[in-house]
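Participant: I'd like to ask some things about the structure below.
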Amino acid sequence: MKFNFDDSMVKSSILLIYTGGTIGMKMDPVEQTLQPFDFSQILEEVPELGKFAYRIDSCTFESVIDSADIEPRSWQALASLIEEKYDSYDGFVVLHGTDTMAYSASALSFMIEGLTKPVIFTGSQLPIGVARTDGKENLISSVEIAASKDSDGHALVPEVCICFGNALMRGNRTRKTSSENFRAFKSADCPLLAEAGISIRYNSSVIRKPDDWDRKPVFHKELDTRVSILKLHPGITPQVVRNILCGPETRAVIIETYGAGNAPSKKWFLDIVKEASGMGKILLNITQCIAGSVNMDLYATGKKLEEAGVQSGYDCTTEGALAKLFYLLGRYTGNREVIEGIGENLRGEITK
Ligand code: ASP
C-alpha cells in the first residue's frame with residue numbers, strides 16, 4: 001500500500017485481515033451481484049486511510065467467506081496468523097461478516113492469553129462500495145483505535161474488541177442485536193471501551209491491561225467443540241431435553257434459561273438434568289435475557305438447578321459462553337479444571 005510519507009514518520013503499523021463479509025464487497029456491474037473486491041486495493045476504496053501516518057498492510061483469508069460459514073478452524077487460522085505476525089505490527093484489524101462476529105471475537109479473546117496489542121473486529125451493514133456505507137467509518141475508527149498508544153508506547157486497548165457504529169465493545173461481551181441498524185451490536189453488561197465522536201473517548205477504567213507488557217501472549221489453539229445449546233421454552237418436551245443434555249457426543253451443554261437463571265420445576269425436567277450431571281456432562285446456566293446476570297439463589301426454580309449440578313454462567317453471553325467452553329474443554333481433559341475456569345473471569349467475559 002502506498003502512502004504520502006516516509007518511513008521515519010510512521011507512528012504505528014497495522015495489519016488488516018480480511019476474512020469476508022459485506023464490508024469487502026462491491027457491486028459487480030455485469031453480474032449485478034455483490035462480489036468481494038481485491039483487498040490489496042483497499043486504499044482506492046478508502047483513501048482516508050492514507051491520511052494517517054500509519055503503515056497499513058493487508059492480507060486476505062485464503063478463501064473469503066460469508067461469516068455464516070465460519071468454523072473453529074477459521075479461528076485457529078486467524079490466531080496462527082496473528083501469532084506469526086505479532087512482533088511486526090502494533091495492532092490488528094479483522095474485517096469479518098457481522099452475522100457471527102460476536103462468536104469469532106469471543107473465541108479469539110479466549111485463544112489469546114496475555115494480549116498486549118489490539119485485535120479489533122469490524123465489518124459493515126452496507127458494502128464499502130455503496131454510497132451510504134457504514135464500512136468506511138467502521139474501518140477508519142478501527143484502524144485509529146488499533147494504532148493508538150499511550151506516552152509509554154503501550155496500546156490503549158490491548159483487548160479483542162468489536163468496533164461498530166462508533167462504539168468500541170469488548171468482543172466477548174457483544175451480541176449482534178440488529179440485522180438492519182448501523183448500530184448492529186450491543187454490549188449490555190459491560191460499558192463501552194471507547195466511543196468515537198469528534199474525538200475517540202477511551203474508557204480507560206474498563207479497559208483490561210496485561211500483567212506484563214513485555215511478555216509475549218500465549219496462543220491456545222486447541223478447541224474442543226463438543227458443546228450443545230438447549231434453549232428452554234414453554235412446551236419443551238422430555239425427549240428434546242434428554243437428546244440435548246444426555247447426547248453421547250456432548251461434553252458440555254449451555255442451558256439458556258429464563259430471567260435470573262430459572263427453569264421449569266417439573267420433576268421430569270430436574271430428573272433429566274440430574275441424569276446428565278451424573279453422566280459427567282458440564283451444564284452451564286446462561287440467561288436468555290439480553291442484559292443481567294444469572295443468580296440461581298434468587299428463585300426456588302434456579303436453586304433446584306444449582307442443586308442438580310448446573311454451574312452459573314453469571315452475565316456471560318451465549319456467544320461468550322460457547323467460546324469459553326470450547327477453549328476450556330480444549331485445554332483441560334478433566335471436568336474439575338473446566339468447572340473452575342467457568343467460575344473465573346478469564347478475559348473480562350463476566351462481571352465478577
Ligand atoms: N452475511 C454477512 C456475513 O456475516 C453479513 C455481513 O457481513 O454483515 O458475512
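The values are calculated or read from the model by the stated rules, or taken from the named source; none is laboratory data. Remember, predicted model here, so these are calculated numbers, not experimental data. Cβ: placed from backbone, ideal geometry, glycine included. Neighbour counts: every protein chain shown. Areas reflect the complete protein model, heavy atoms only, side chains present, ligands, DNA and RNA absent. Shrake-Rupley method; radii C 1.70, N 1.55, O 1.52, S 1.80 Å.
Participant: Would you mention how many residues in region 71-113 are open to solvent by 40 Å² or more (accessible area, probe 1.4 Å) and within 12 Å of L223 (Cα to Cα)?
Facilitator: Adding up the residues that qualify gives 3.
Participant: Tally up the residues in region 306-332 that are among the small types (G, A, S) and farther than 14 Å from I255 by Cβ, please. Steps first, answer last, please.
Facilitator: Quick first cut of region 306-332, residues among the small types (G, A, S) only: 308-309, 312-313, 320-321, 323, 330.
In the following step, the residues that additionally are farther than 14 Å from I255 by Cβ were identified as 320, 323, 330.
Number of matching residues: 3.
Participant: Moving to a separate point now. Exactly one of these conditions fails for S13: (1) small (G, A, S); (2) away from the ligand (no atom under 16 Å from the Cβ); (3) surrounded by 18 or more Cβ atoms within 10 Å (Cβ to Cβ). Give me its number.
Facilitator: Checking S13 against (1) small (G, A, S); (2) away from the ligand (no atom under 16 Å from the Cβ); (3) surrounded by 18 or more Cβ atoms within 10 Å (Cβ to Cβ), the one that fails is (3).
Participant: Next up: Cβ contacts < 6 Å: first residue near the ligand (Cβ under 8 Å from one of its atoms), restricted to region 17-29; second residue among the small types (G, A, S) and not in a loop (DSSP other than H, G, I, E, B), any location; separation 6+ or different chain. Result?
Facilitator: Here the result reads G21/S67; I23/G135, each pair linking region 17-29 to a residue that is among the small types (G, A, S) and not in a loop (DSSP other than H, G, I, E, B).
Participant: Let me ask something additional. Tally up the residues in region 342-352 that are open to solvent by less than 20 Å² (accessible area, probe 1.4 Å) and among the acidic types (D, E), please.
Facilitator: Looking only at that region, the number is 1.
Participant: Looking at (1) within 15 Å of the ligand (Cβ to nearest atom); (2) at pLDDT below 95; (3) open to solvent by less than 70 Å² (accessible area, probe 1.4 Å), which is the only condition N138 fails?
Facilitator: Failing condition for N138: (2).
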